[in-house]
Structures are given as C-alpha cells and as structure tokens.
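The values are calculated or read from the model by the stated rules, or taken from the named source; none is laboratory data. All figures in this text were calculated on a predicted structure; none of them were measured in a lab. Here the Cβ positions follow ideal geometry from the backbone for every residue, glycine too, while neighbour counts run over all protein chains shown. Areas reflect the complete protein model, heavy atoms only, side chains present, ligands, DNA and RNA absent. Shrake-Rupley method; radii C 1.70, N 1.55, O 1.52, S 1.80 Å.
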2 protein chains.
Amino acid sequence: MNKILLIEDNQDVRENTADILELENYTVITAENGKIGVEKALKHAPDLILCDIMMPELDGFGVFESLSKNHKTASIPFIFLTAKSEKTDVRKGMNIGVDDYLTKPFEEDELLDAIACRIKKSDFLKKEFSKNIEGISEFINEASDYLKLEELSNDRNLEKYKTKEYIFTEGTAAHQLYFIQSGNVKTYRTTESGKEFVTGLYGPGDFIGQLSLLGDKGLYVETASVLEDAEICGIPKADFTKLLYGNKEVSNKFIDIISNNLIDMQEHLVDMAYSTVRKRTAKALLELDHKGLIKDSKHTGISIPREDFAGLIGTATETAIRMLTEFKHEGLIDVETNRRLVILDKERLKQISEFG
Amino acid sequence: MNKILLIEDNQDVRENTADILELENYTVITAENGKIGVEKALKHAPDLILCDIMMPELDGFGVFESLSKNHKTASIPFIFLTAKSEKTDVRKGMNIGVDDYLTKPFEEDELLDAIACRIKKSDFLKKEFSKNIEGISEFINEASDYLKLEELSNDRNLEKYKTKEYIFTEGTAAHQLYFIQSGNVKTYRTTESGKEFVTGLYGPGDFIGQLSLLGDKGLYVETASVLEDAEICGIPKADFTKLLYGNKEVSNKFIDIISNNLIDMQEHLVDMAYSTVRKRTAKALLELDHKGLIKDSKHTGISIPREDFAGLIGTATETAIRMLTEFKHEGLIDVETNRRLVILDKERLKQISEFG
DNA sequence: CGTGTATTTGAAAGGGTTCAAAGCGGGTGG
DNA sequence: CCACCCGCTTTGAACCCTTTCAAATACACG
C-alpha cells in the first residue's frame, strides 16, 4: 500500500490524522517538525507528503524548497495543511508549486479525497509511454481516461473510409485529430519532385494528426490516406487542446513524450544522412514488426505496397524491392502471396541495422 | 490599454469594482448577468474576464463553459469572484481550469495584483518564438524572466572554454543545461563509422543540452564542443525542470515550441531523404545566415571548419567544399581569408534550396 | 620560416536512381 | 468459371551523384 509522510508539530492533529489514514490502509510515517520531515522523506521516499506550514525548526515552505532540490523527492505529491484560511500563505504555496492545500480543521472525506486524487495523478505521471510516435496514442488514451473526458471519441463522428481515401491532406486547415478504430493508415509528405516520404504507419488504437493541431500555422503538415479499409473517428481540436493544456500533469507528461520523439527523430536524421539503404531497410522492418504490422503469431500483418515501404525508408521503389529480395535470399525474411512480409531472423536483422 | 469584462449581478459591487479598474486605466465593460456576459465577451474580445459565480440566468461555471467552447474566447484569462470562501466552489473552479479566484470582499490591491499577474501571463503566452531549435533559447530566457528565476544563470558557474574543448559528450549523464555567454559551439552525434552529424550551431544567448535533460535515459544524446573560445554557464537540471514543469503557462508554451521543432525536423528528414546535396547546401547556408552566423553588416560571422559544415549538411567534407566552390563560381557566395563565408545572392540561394 | 593541419582539386569506384521491359496476380465482365 | 486486362512487383542495365582515396596547395601557429 502507499506510504504517506505526515509532517505536523501539533501532537493531537498528528495522531488523529495518522489514525484516519491508517484506517484507510495507508502506511503512515510521522515527523514532528520540518527538519525531521525532510530527513524522513529522503530516507523513506513516501508516495505523498502532508505538511503543516507553521512549524518550529523549518516551516512548510522550507521543507518543500528543500525537497524540490533533490530529484528523488522533487516529484512526490505535496499537500499543505494550513492552520486557517491564511490567504497569502495559500497563494504563496500554489505559486511555488505545491500540489494542493487543506484548511484545518478538515473533514475526513476531504482529506482522503485529496490524497486519493493526488496519488492517482502521480501514478499517471510515473507511467512510461514508448518513445516512438505511437507512444502519443497511448498517452492520449490514458490522459483522456484519467481526466474522464468521455467527450473524446464520442462515437458520434465515426466514419468509414475505403482504401486509398484521404483522411486529410497536407496544407489544409487542421480542425480535428483522428482516432483509428479499425484498419490501417499511412501519413506522408510529398516532395516537389513528386516523391512520397512516409512519416508514419498507424493501426487500430492510434491517433493521427495531433502534431498538425499544435503547429503554428494550424495546417496539416502531412497527408493521411487509408491502406486498408478503416473506421475512423474525428475528435475536435478543442477537445484535444483542453485535454492537453488544461491539466498540469497531462501537459508535463506530454512534454516528456514529445521530447523523446524529438530525440528519436534526431537519430533518424543521422541514419538518413549516413546509413546505407541496406541498414535503413533492416531498421524499417524491425520498426514495422515492433508496431505489430508484420505477420506473426499474434498479428495479421498489413499488406503494404512496395512504394509505401520505399517511402518509409526514403529510397526509390525499385531499390527497396531489391533489398527485400536480397534479404529473402539471405533467409532473413519471407514474402507471402499477398505481399505480406514475415521476419525469419530478427537477430540478424538487428545486427544489420546496427553494423551494416 | 487593456480591456476587462466584469460580470457581476450586484450593482454596488459592479460599479465599485469598475471604478477601481478605471482608475488604473483599464477599459471596463460590464455585464449584469451571465448571459449578457457571454454575449459581450464574444463581441468585445476582452483581455481578461472577472466573473461572479452566483448569478441569475447563467452562473459563473456556465459562462466559463460556454466561453471555453469558442476558440476566440477560450484563451482569455478568467478570474472568479466568490461570495465567500465557498470551498467546494473554489475547488470546482480550479478543476475546470479557471485561472484564479478572488474572495469577496477583496482589497483593491489584491484585485489589481491578480489582474496584472494574469495579463502578464497572457502576454507571455501570446508571444511568438521562432520555430527553430534556437527558439527554445528565447523561450527559456523569457520564461525565466517571467517567473523571476534569477537562480538561472547565477553567474556563479561561469566557465571559460577553449576551442575544441568538450562541454559535454554523448552518452554521459546529463545534469546541466548550458547557457552560452560568448563564443560559438557545435553539437553533434557520431556514427559508428566515425562520421560527425552536426545537430546544431549555437552562439551567445543560446542554451544547449535541454533536450538531453528531458530524455528518458538522462544521458546527453549529443556531444557539444567549442568552435571559438567561449564563456559558458552551467544551469542545474533542477532549476530547468522547475521552470518547465512548475508553471502551467510555461509548460504549455513549451509544448508549442517543441511541437513546431518536431514539424521542422520532419521537413529536414524529407530533405535528407530526397534532396540533392546542392539543395541541402543552399538550405544550410540560409540557415546559418538566419542564425546570424554568416558575416554581414550586423554580424561578424563564424569561422566554421569545412568538416563541420559538411556534417551539418550530412555529406562528405570534399563534397561540401565542391558545392561551396560551385556556388562561388556562380557568384552566389564569397569566401574570405579565414574561411569565413559571405552570401552575395540570397534570392538565388533560396531558389536553389526550393527547386534545385 | 618551417611544420603540421586544413582546404582544395583530381580521378576512380561505388551505391542508388532511373528508365525500360518482363512477370505476376487479382478483379471484372462476359 | 474462365479469359482478359490493368496495376503492382520484379528484374536488368545504363547512368549519375556522391564518396573515397590520393595528392597538391594554402594557411595558421609556434
């Protein structure tokens, strides 16, 4: 169960509060002043801290300040207990980044609600999302769940698309992001010379178009078209931005994800510049596999046109095909009747993707 | 001066408050109930809204809800006026995303402070930062200024680096970001084959290493080394994360910037895949110029080694040199004695960078 | 003023693209 | 149900851009 550190100088309040919390199955650690509180926080790494403001030795602000400095304790949810509605204290507290405050005397329910709420938020923050673009999809799902935003994907906007239909096109105004219920979708950018560079492949459960909604110009920066018949649900921009900007936890988490995206992209850029097509092909195959788009025991795999596969690697269609046949001859992959790919030797592919 | 919309049903309070605000030179628009308030908000697009919670026709929550729906009014700072410290109301308000609340009766100063603070925040949000990586530097500066974080660049960590010295290296633990006071710095990634891909060039006023601090692994993802003797000041990770995560305005703004970075990077990726070296060279030159690293009336320009310039384009040193001499013969650029570049025909370079 | 490093030029080799043509497969209509 | 046709895939060969290796030249620094 979750550990809570309670820092409070008044013995009555301290014991009373501890009792309430223990009845709810929290493990409670108590400290009778700020100094001891900081020590115990470092020692026990609690899941949440309740802290009085007015205390001898080191006051609440001091405790918070001190714990913020250590990265081990900086992210622990922090709730202030204020003696009475001391307006300036509360304001000061919120400004320096305390998560919540409770005015004494508080109701049992009030206390427990606040704690439960914070611990839930903290759990959300601790959750890891994969660093690839599709990590954003997991994230939006979790976040909308966490904020109970049923408005997202209200099912009222569900639409069916056929293969080769466009969902949105590069350069048009971005009003919606899209959630894929079923089917497969590719997003791509077209160059002046008419080549298509595939920026992503998406399947059920993925969101597409988020990035365009965040861009300066409010235009879609890529085109999305359907690879295999799909059911797709549009989500208004407003719902998305509300989700993203409206809540501190969500926006901070989003920064993490998108930062990792950026790092990922940098790596991709280096590959593009200096890796041979052979290496990039191996990488692309592994990536497809990782996304569950390659046929294996669990997945059906998608039937991806060679042209699109080439666009994913950033090479000509013929070259991509040559690489695939090369891999086939080496026994690394196999091609089924309807151009579906199967990976036979993942280890060797990894080797190629790293060392050539 | 700034326009403020005051929605309040009690005539005394309304007139009194309006007087205070007008004395401070704000333009005040008043509304006596929620419904009229919403109408006036849409019509006048005020810079800030003060709104009572308990009102006939449409209460404060309703007004807020309704204005959030329209993107014209959604980003206007919103302050609630609560009759008395109705705890649940306050909490509900903060949860749905109201910016602040004031408890009636309030002091003149309290009101004016809250308003000034919100308007300042709103100005910060409206500010545009350039979408390139260096936009992040502007942003950090503005943000630390806005939060009055003098701790950042406290001058206590100022260090001198000589040409070719490393500031940090790829793969080591990231504890700090760095602020460049003077000199020039390059960041790059090294491939297995020993090539260097230059990920950025930075000058006075730029921050480097931010992205690494945000990455999952907490390692620097690139190496930074000095091009021309520099004075650099280290900023602890904690100060940066505090700045970034501690404040909703700042983190939301950061999302905008970094999203645009991502879009920018995508474009770069497409170029890498399908553009000729000639095109990419032209783009690199224009980018250097845009960053003020090329010699012109205002800037001294940097003396960039050809190897690094090649790393920026993602090509071999010899090829980069060949392109530069080609441009020189075409009269597009000139090379000064100490390998400093000068742009002679920017228009033509732009043409090349777009159409080849 | 010499020495070592960075830049520039030259020429050959290699990887990838492009153009052309042949194969394959799947859907459609008789 | 079969034949035909169209579009996608595959293979072949020539060409071109870029890299690589080699050598000459320029430049900066002690």
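Contact residues in the range B:228-255 by the 20 Å² criterion (accessible area, 1.4 Å probe, full protein complex versus chain alone): B:238, B:242, B:245, B:246, B:248, B:251, B:252, B:255. Across the protein assembly as shown, the convex hull enclosing all Cα atoms gives 186 Å³ per residue.
Comparing Cα centroids, the range B:155-220 and the range B:25-88 end up 47 angstrom apart.
In this simple spin-label approximation, residue A:346 and residue A:182 carry label points 7 Å from Cα along the Cα→Cβ vector, and these lie 2.8 nm apart. Modelled spin labels at residue A:175 and residue B:338, positioned 7 Å past Cα toward Cβ, are 5.8 nm from each other. Amide H contacts for residue A:165 (H built 1.01 Å from N in the peptide plane; partners 5 or more residues away or on another chain; cut-off under 5 Å): A:226.
Can you tally the net charge around residue B:329? Count Lys and Arg as +1, Asp and Glu as -1, for every other residue whose Cβ sits under 15 Å from the Cβ of residue B:329.
Surrounding charge for residue B:329 is 0.
Sorted from closest to farthest, the other copies place their residue A:216 label points 3.1 nm away, with each point set 7 Å from Cα along Cα→Cβ. With respect to chain A, whose longest principal axis is taken over its alpha-carbon atoms, helix A:134-146 is tilted by about 40°. Counting Cβ atoms of other protein chains within 10 Å of each residue's Cβ and taking the mean over peptide B:107-117 gives 1. Solvent-accessible area per residue in the range A:275-355 equals 51 Å², computed with a 1.4 angstrom probe and all protein chains kept.
Within the shell of other residues whose beta carbon sits under 9 angstrom from the beta carbon of residue A:46, the net charge comes to +1, with Lys and Arg scored +1 and Asp and Glu -1.
Classify the range A:275-355: rounded, prolate or oblate, from the alpha-carbon gyration tensor (a ≥ b ≥ c, eigenvalue square roots; a/c under 1.5 rounded; otherwise prolate if a/b is larger than b/c)? Since a/c stays below 1.5, the shape of the range A:275-355 is classed as rounded. Of all aspartates and glutamates in the structure, those lying under 14 Å Cα to Cα from residue B:279, and not within fewer than 8 positions of it along the same chain, are A:192, B:267, B:271, B:287, B:326, B:347, B:354. Evaluated at q = 0.11, 0.12 Å⁻¹, the base-10 log of the normalised Debye intensity for chain B, with identical point scatterers placed on the Cα atoms, takes the values -0.84, -0.91. The relative contact order of chain B comes to 11 percent, based on Cα pairs under 8 Å that sit 6 or more residues apart. Peptide B:216-223 is shielded by partner chain Cβ atoms: per residue, an average of 3 of them sit within 10 Å of its Cβ. Each residue of the range B:187-192 is assigned a 3J(HN,Hα), and the resulting list reads 10, 8, 10, 9, 8, 4 Hz, derived from the Karplus form 6.51 cos²θ - 1.76 cosθ + 1.60 (θ = phi - 60°), x at Gly and Pro. Applying 1/(1 + (r/R0)^6) with R0 = 60 Å to the Cβ-Cβ distance of residue A:321 and residue B:116 gives a FRET efficiency near 0.40. Of all DSSP beta bridges confined to the protein assembly as shown, the antiparallel ones make up roughly 65%. Excluding ligands, DNA and RNA and using a 1.4 Å probe, chains A and B jointly bury around 5400 Å² of accessible surface, summed across both partners. For residue A:160, the aspartates and glutamates whose Cα comes closer than 14 Å to its Cα, not counting residues fewer than 8 places off in the same chain, are A:228, A:229, A:231. Taken over the range B:224-325, the alpha-carbon convex hull comes to 147 cubic angstrom per residue. Taking every alpha-carbon pair in the range B:134-270 and binning the separations at 5 Å intervals from zero gives 2, 10, 18, 23, 23, 15, 7, 2, 1, 0 percent. Annotation for residue A:116, label-to-label distances across the other copies: 4.3 nm (shortest first, one decimal, point 7 Å from Cα along Cα→Cβ).
3J(HN,Hα) along the range B:19-29: 4, 4, 5, 5, 4, 8, 6, 7, 8, 10, 10 Hz, from the Karplus curve 6.51 cos²θ - 1.76 cosθ + 1.60 with θ = phi - 60°, whole Hz, x for Gly and Pro.
Among the listed pairs A:237/B:121; A:35/A:104; A:104/B:242, which are separated by more than 26 Å between their Cα atoms? The pairs that break the limit, which is 26 Å between Cα atoms, are A:104/B:242. With its label point defined 7 Å out from Cα along the Cα-to-Cβ axis, residue B:354 lies at 4.5 nm from the matching points of the other copies, in increasing order.
With the full set of protein chains in place, find how many percent of the accessible area of the protein assembly as shown is carbon and sulfur; take the probe as 1.4 Å. So the carbon and sulfur contribution to the accessible surface is 48 percent.
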